[in-house]
1. Among the DSSP beta bridges whose two residues both lie in the chain, what percent are antiparallel, rounded to the nearest 5?
2. For segment 18-64, which trypsin sites (Lys or Arg not before Pro) are both in a DSSP coil and crowded by at most 12 other Cβ atoms within 10 Å?
3. Over all directions, how big on average is the projection of the convex hull of the alpha-carbon atoms in the chain, in square nanometres?
4. If the cut-off is 14 Å between C-alpha atoms, which aspartates and glutamates fall inside it for residue 43, apart from same-chain ones fewer than 8 positions away?
5. Take the solvent-accessible surface of the protein heavy atoms, probe 1.4 Å, and return the percent of it on the chain that carbon and sulfur atoms account for.
6. Residue by residue through segment 20-29, what is 3J(HN,Hα) from phi via Karplus (6.51 cos²θ - 1.76 cosθ + 1.60, θ = phi - 60°)? Round to whole Hz and write x for glycine and proline.
7. Would you work out the charge dipole size for segment 1-109 about its Cα centre, treating the Cβ of every Lys and Arg as +1 and the Cβ of every Asp and Glu as -1, and quote it to the nearest 20 debye?
8. Show the residues, 5+ positions off or on another chain, whose built amide H is closer than 5 Å to the amide H of residue 117.
Amino acid sequence: QVQLVESGGGLVQDGGSLRLSCAASGRTFSSSAMGWFRQAPGKEREFVAAIHWSGDSTFYADSVKGRFTISRDNWKNTGYLQMNSLKPEDTAVYYCAARRNGSPSIRRVSYDSWGLGTQVTVSS
């Protein structure tokens, strides 16, 4: 199993940017798909973005398409989520997840490993 630790969250103003990182330990990260999910208070955890193990294909929720970019550096065992043009509705705890099957998925249940999350707060 892969251990994941998110970082980079914080407080930012409407229209600002943040870059989240997901540091992975374990030999299987480079062959695992990676996803980002988020959970706002009182809401279910929802899909944000996912990337193939090779980095060759990415998927985004409609709500973040064009504003967020998912990427990864397998040499560094790290994944990233660049978030631009942030809105108050992006406020949530953001989680990264890894899936041994290298193909990305938008479904939470498809992922084998999860980090503890990092808080992102966007003020209006």
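The values are calculated or read from the model by the stated rules, or taken from the named source; none is laboratory data. Just so it is clear, the model here is predicted, and its values are computed rather than measured. When we count neighbours, we look across all protein chains shown, and the Cβ atoms used for this are built from the backbone with ideal geometry, even at glycine. For the accessible areas, the whole protein counts, side chains as well, though only heavy atoms, and no ligand, DNA or RNA atoms are used. Shrake-Rupley method; radii C 1.70, N 1.55, O 1.52, S 1.80 Å.
1. Just about 90 percent of them are antiparallel.
2. 27, 43
3. 6.6
4. 89, 90
5. 48
6. Rounded to whole hertz, the list is 8, 10, 9, 8, 10, 10, x, 6, 8, 4.
7. Dipole magnitude for segment 1-109 comes out near 300 debye.
8. 6, 96
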